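The values are calculated or read from the model by the stated rules, or taken from the named source; none is laboratory data. What you are looking at is a predicted structure, and each value in this text was computed from that prediction instead of being measured. Positions of Cβ are backbone-derived with ideal geometry, glycine not excepted, and every protein chain shown enters the neighbour counts. These accessible areas exclude ligands, DNA and RNA; they are computed on the full protein's heavy atoms, side chains included. Shrake-Rupley method; radii C 1.70, N 1.55, O 1.52, S 1.80 Å.
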Amino acid sequence: MNFSEVFKLSSLLCKFSPDGKYLASCVQYRLVVRDVNTLQVLQLYTCLDQIQHAEWSADSRFILCAMYKRGLVQVWSLEQPEWHCRIDEGSAGLVASCWSPDGRHILNTTEFHLRITVWSLCTKSVSYIKYPKACQQGISFTRDGRYLALAERRDCKDHVSIFVCSDWQLLRHFDTETQDLAGIEWAPNGCVLAVWDTCLEYKVLLYSLDGRLLSAYCAYEWSLGVKSVAWSPSSQFLAVGSYDGKVRILNHVTWKMITEFGHPATVTNPKIVVYKEAEKNPRLALGRLAFPPPRAAAGAASSTESKYEIASVPVSLQTLKPVADRANPKVGIGALAFSPDNYFLATRNEPGTCRIFPPQTASRMPSGSGTYRS
Amino acid sequence: MGEWMTVTDPHLSSESKNICQYTSETKMSPSSLYSQQVLCSSIPLSKNVHSFFSAFCTEENIEQSISYLDQELTTFGFPSLYEESKGKDTKRELNIVAVLNCMNELLVLQRKNLLAQENVETQNLKLGSDMDHLQNCYAKLKEQLETSRREMIGLQERDRQLQCKNRNLHQLLKNEKDEVQKLQNIIASRATQYNHDMKRKEREYNKLKERLHQLVMNKKDKKIAMEVLNYVGRADGKRGSWRTGKTEASFFLRNEDEMYKILLNDYEYRQKQILMENAELKKVLQQMKKEMISLLSPQKQKPRERADDSTGTVISDAEEDAGELSRESMWDLSCETVREQLTNSIRKQWRILKSHVEKLDNQVSKVHLEGFNDEDVISRQDHEQETEKLELEIQQCKEMIKTQQQLLQQLATACDDDTTSLLRDCYLLEEKERLKEEWSLFKEQKKNFEKERRSFTEAAIRLGLERKAFEEERASWLKQQFLNMTTFDHQNSENMKLFSAFSGSSDRDSLTVHSRPRQKKPHGVSNGSLVCASKLTKSLPASPSTSDFCQTRSCASEHSSISVLNITPEETKPNQVGGEGASPKWSMASGPGSQEGCYSGCSLTHTNSHVEKDDLP
């Protein structure tokens, strides 16, 4: 693999534009926009404070830079470099900021999750949404950008509100049967909303767009539950990764489990190809991902080279027993991703192994190729 | 009768002491007493009896003893010993008969008693042994009883202990359960407590949030603002619309409508997908069914001879299924009955197929064991025949190979020197002989050619001479003519000169033809012929090889033919007689000819020329 020269980056803020033409990276308080092919600097913007979060708008015309400490959001235009926009939350504070799917509204979450302010770049209107829930993934937009699902907590109960993004009208509001809602996510077809509970309780609820509960799924009780959730691109499958090291796949017809994939510590099936990451140079700082860093987006501290070599089966993977008396143990399926063609499912099992499962073999023993870092 | 009382006779007292003893000691029945006395009296029979007998009756007390005996006997029921008394005062006389009878009776009685005694004794013994035996048994049983009692006590003791243990364990279990319950209760209570606390804290937090929110909202910070250079157009390029009261509701409804539309679209899409899948699966099932039916039907033809039940059902099933197929294709809807029919028919077919396969398996196994099955026998026969054929072929081939090998060996090894020398060229012998023949032929031909050549050259020489003469004649004739003519015209003197030169040259040429063979341009036909002749003469002295010879012969023949051709039109002019005869032959010679053609033509022409030359004047 060829790497370009190393560019400075702070806080791992480096994003490609949605249309793939530009690359935005942040260095302290400066925002640098480069052309993807030539890596030439096209624009350079200076913000008022150190940037904590940068995000492209969906049409790749604007970038927002959020500075949480100062409660500021600055928006830059790519087409008109002299255009500027600054949103100051003032005393309300700023905890999170994101674009709406139409690229013309910015949703700012104020401190203590008091409210979400919807600032419009087209009109002078401002909308407020009260009491969003402070959880891992409390906001979810549908893929076509029509609806926003927001997790709220009122009267010690979890609720979900569905807004229409075009005019920010409330469409539906319903309560969920969760103890402590941890996350929500729309299916890619925009008709089903997956809601999952805190890790203390394994519960995955599926709601229809109009707020009806379609199904509830619970694999087991008492042990730590759901860690990560992913929809397949065709909305036919919902993969649920849990702390017990298993991925369970639900189907969209009956919302029952059709298969589950385990992540055993030893790999013995000779059909599985195992890639082992071997580092050439010792790492200076540990990254969290098991993949090699993408081009020009390497972490500032890590300058290692690594390559993948094929390990011969049987391979016993290193397992770390997590400390039992600490919260958020490093076990379980931390991340899930479906391939865009619906064919493969990649899972990241803590610590440090990534497995790929083809759904075709769901009926047989789960096989797949895996990579792991020793 | 009561106790045996001593007869008040003091004399008998000592002897009856025994009796007294017995009577005083035991109170028995008279019969037993009597038997005892009999016993004791019968045993020591020898001495005491005599003494007893003598003691009872002496000579003094005969009357008394008789009266006593009579009393006793009558009391026992015996008849009296006295005769019948005639009077009361007279002494009764002893009835001897009665006495004897009584004695006999007494003896009989004695014997009976003895027998009885024996019996009784034996019985007594038996009883005694029985008693012993029973006593032993009793003792044993007593022992057993004791031991079993002891065992039972032991077991009871164990049982008791186990029950104690059991109770203890139950107790423990109960304790544990209680503890668990308690802990669960504790947990539950704690959970509720925590929940309650959480809720309380959350409420507090919410209150704080509210307060903060109010503060934030109220402050209306100037800072909280958005500063934009200019507002950006909407993403979809449309303009914003006014928001009036009416439109709020319509917006809401519109949103609802859109939402439901989206949901419905999604459901419809999914349903379509599922229907498509169903249709495909149904198609696949129907195909499977058809194939299964077709699979089963040709096999039914053969075993129709064997009237199996299954085949009959199969046939009927096939017909049924054919009917069903048509029916199903008509009703290609997903109604319950059609679906059920399809699945049932497929299941039926599958069962039939399975049974068929099992049958075949059985048949195969049977064949392995017995081999009486018709189909397999036939195939085996064929198989055997084929194998036999193949084996025969193999044998034949092998034999052929062997013979060939032998021959080769013979050829290779078994040869003498003579034979080797002979055989060395044996393959080429034929060819050699052929070649020899051909050589001889060639030599003959060569000779012939030589002869002909010579004759040809002579003819050519002669021809040349004749031509010369002819030319001279012609020249003279022409001269004369011209002289006749040129008397009128002096201008033609050049022509004359030319002509004279022409004729002279021809003469010269003809003269020099043998001495100096030179190639000149043919000044006409005659020179050409002369040149050809010179060529011929030139070529002749060279010693040709066969091929060259042939070639030159060919070219010579050609030339000769040409020359002959050239000559003969002139010759035929004067000689018109042979012209007709010659023309067909010339045509032969002039045709596109091979060597032989030319040769033959040549020879012919030669002969003709010979002939003609003869004819020429």
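Remarks
- Average partner coverage of A:156-168, which counts Cβ from other chains inside 10 Å: 3
- Extension gain for the segment A:Leu213 to A:Asp341, taken as residue separation times 0.36 nm less the Cα-Cα distance, is 43.2 nm to one decimal.
- Expected-Rg normalisation [2.2 N^0.38 Å, Cα atoms] applied to region A:197-273: 1.22
- Burial annotation for region A:174-192: residues with an accessible-area loss of at least 40 Å² between the isolated chain and the complete set of protein chains, computed on heavy atoms with a 1.4 Å probe, are A:Cys191.
- For the segment A:83-93, counting C-beta atoms of other chains within 10 Å of every residue's C-beta and taking the mean gives 6.
- If the convex hull is drawn through the Cα atoms of region B:137-222, its volume per residue in Å³: 61 Å³
- Karplus-based coupling profile of region A:195-201, in residue order and whole Hz: 10, 10, 8, 5, 5, 6, 9, with θ = phi - 60° in 6.51 cos²θ - 1.76 cosθ + 1.60 and x standing for Gly or Pro.
- Between chain A and chain B, roughly 4200 Å² of accessible surface gets buried, counting both sides and using a 1.4 Å probe.
- Distance in nm between pseudo-label sites at B:Arg351 and B:Ala469 (7 Å out along the Cβ direction from Cα): 13.0 nm
- Relative contact order computed over region A:1-56 (Cα-Cα under 8 Å; 6+ residues apart), in percent: 28 percent
- Label sites at B:Asp197 and B:Leu264, each approximated as a point 7 angstrom past Cα along Cα to Cβ, lie 5.3 nm apart.
- Virtual spin-label span in nm between A:His84 and B:Arg211, 7 Å along Cα→Cβ: 3.9 nm
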